[in-house]
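Below is one structure, written out as structure tokens; comments come after it.
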Amino acid sequence: MRLCLSLEVVPVFTPPREMGFQAMIAGYNGWWQAKVGARFHHAALGDWPECSGRFVAALRQRRAARFAAAPSRRPFPQDGRLDLPAHPQGQLVDLRRTDEAGRVEVLGHPIVADPRWLRRLVRVDVDLVKGQMRL
């Protein structure tokens, strides 16, 4: 988190077991296990990379148009410095699910979002410079 903030990248956090950003990775892992892990049996561990590589190459070819249409990513700066004693600056985006009373806990602080928002996913913007959280 601190490294992202020092590089002026807004980190986004999702709670564990929540469907969201990490769901695509979990889906890919499950798909790999179904298409490669369950279908092929190898006598030696060294045989897996070739089989897995064929699956990954076919998947990349299949999704090539989607990859080409995706926005470009910024390169990671080579001169990025992490100053741990400095107070973190910038903004965080945190996704949390409300409980049965419409509350969320963000960075150790309980917040009442809305008593009518039961078990809803809410976005929390944290401004570390102003010391404010906004739902």
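Peptides 68-77, 48-57 ranked from most to least packed by the mean count of surrounding Cβ atoms within 10 Å: 48-57, 68-77. Protection proxy ranking of 118-131, 86-99, by the mean of other Cβ atoms within 10 Å over each peptide's residues and highest first, is 86-99, 118-131.
Relative contact order of the stretch 63-135: 28 percent, from C-alpha pairs under 8 Å at least 6 residues apart in sequence. Placing R0 at 30 angstrom, the Cβ-Cβ distance between Ala34 and Ala69 gives a FRET efficiency of 0.70 after rounding to 0.05.
Database remark: amide H of Gly90 closer than 5 angstrom to the amide H of Leu128, Val129 (H placed geometrically; neighbours at sequence offset of 5 or more, or on other chains; Pro and chain starts carry no H).
Between Asp79 and Glu50, the simple label model (points 7 Å from Cα in the Cβ direction) yields a spacing of 4.7 nm. For Val104, neighbours were defined as the other residues whose beta-carbon sits under 9 Å from its Cβ, and their charges (Lys and Arg +1, Asp and Glu -1) total 0.
Only the coordinates and a few stated rules stand behind these numbers; no lab work does. Since we're looking at a predicted model, the values are computed, not measured. Positions of Cβ are backbone-derived with ideal geometry, glycine not excepted, and every protein chain shown enters the neighbour counts.
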